[in-house]
Structure formats: structure tokens, C-alpha cells
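The values are calculated or read from the model by the stated rules, or taken from the named source; none is laboratory data. Being a predicted model, the structure only gives us computed values, none of them experimental. Every residue, glycine as well, gets a Cβ built from its backbone with ideal geometry; the counts of neighbours run over all protein chains shown. For accessibility, only protein heavy atoms count, side chains too; no ligands or nucleic acids. Shrake-Rupley method; radii C 1.70, N 1.55, O 1.52, S 1.80 Å.
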Amino acid sequence: MTGHVYQLSANFDLPLEDLEDYLDNPDLPPEVEDLEIDRRNRMLFIKAVAADESLSKYTPTAQLKAKVEEKRIYDQDEEERQWARRNDEEDEITSELVEYASFSGDLETVLQNTAVRYPMFLLLRDIALLDVEGTLTAITADEAEDELQATRVVDGEARRAAVEVVEQSQANGNGNGNGGVDWRGNEYIN
């Protein structure tokens, strides 16, 4: 099973602890034998170890890239905290710092390198399904089905999505009709 990832947009984060628990025993596609997890400063890299032995050891396999951020989580919701501030209550609000893995960006930012990219996209989609807030959208093609597929995950739930081809008008008001700039007729250029 191979495929292609043509477009990807991710904007979701989940607690790093939940991600690590999931990656302890993930359901990997057959093309991915194992995962190498590397954390460098505030970045997390999840690299595929390809099952295909014909790939050179110098071929960079696909990897997921996430930024690690700390967020303060309060026991009370925002409305209760504001009410306590307005009434000058001096009770200390309990909170804790939680590390989050933030997958945010487009195809080359979140899903790097091309060898076994589609199987790693499937892993990213499964990770997005663990999230409770955020989105993942993609246009992919599975070679077995030979057609474009749209993927949309919103707040940890797979949603219906479709690929739509839309014709756009070439006329954009620049006067030359071919969609470009008429440099020869520009009065500001000598």
C-alpha cells in the first residue's frame, strides 16, 4: 500500500503524555516497521523506520514534526476565575503546567521527507483523532483506489470531506486578458 500526499494542513495539539502513550504501541501501516522518537529542545520528531529493506540507509524517511509547548491548565474554567477576581476572592486557583505537542503547518512543516510519506500521514491522521481541539485537512491518493481522497478531522472527530475542482475566471481586471502583467504598457516603468 503506497500513496501520495498532495496537500496537508494541520493545526492541533494534544498533551505530550497522551501522544507518548499512543506511540508506545501504535497501529503502524505495513510499510513502517518502527518509529524513532527524538526530542531536540522544544521540537519533537517522529521518524519512520521503513520496512522496505531496498531503501538505502541514507534515504531520509518521512517524519512528523511537532513543537513542544507548555500550557497552564486550571482546575476552574475561565468564567469561574473571572468571577473570583471580580469578588476579590483570595483563594489560590490550582493549576499545573502540561506539555503539549503542537502539530501546526503545511505539508513540509509537519510531514517531512518523501519515503513512506503516505503511511506516516495515516499515523498523523490517527494522532489527530486523539485530539480534542484542532483540525487536520489533507488531499491524498491511495494507489489501490487510484483517486483523490479528502481527509478532514475536526476536534478529534473524522468529518465528511470532498475534493472539488472549480474553474476560475482568467479575467482579473488587468486589461491584457492572459492573467499576467502588461509590462510594456505600464506608464510607471520607463
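Numerical summary
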| read-out | value |
| --- | --- |
| Number of the exception - ASP131 against (1) crowded, with 17+ Cβ neighbours inside 10 Å; (2) more than 27 Å from ASP24 (Cβ to Cβ); (3) in contact with an Asp or Glu (Cβ under 9 Å, 6 or more places away or on another chain) | (2) |
| Residue within the range 136-153 that is part of a loop (DSSP other than H, G, I, E, B) and surrounded by 15 or more Cβ atoms within 10 Å (Cβ to Cβ) present | no |
| Selected residue (criterion: surrounded by the fewest Cβ atoms within 10 Å (Cβ to Cβ)) from residues of the range 13-61 that are of a type in the set (Phe, Trp, Tyr) and within 16 Å of THR114 (Cα to Cα) | TYR58 |
| From the options ARG160, ARG86, ARG184, residue that is more than 30 Å from THR61 (Cβ to Cβ), at pLDDT 85 or above and loosely packed, with under 10 Cβ neighbours inside 10 Å | ARG160 |
| Some residue of the range 116-126 being at pLDDT 80 or above, open to solvent by less than 80 Å² (accessible area, probe 1.4 Å) and assigned to a strand (DSSP E or B) | no |
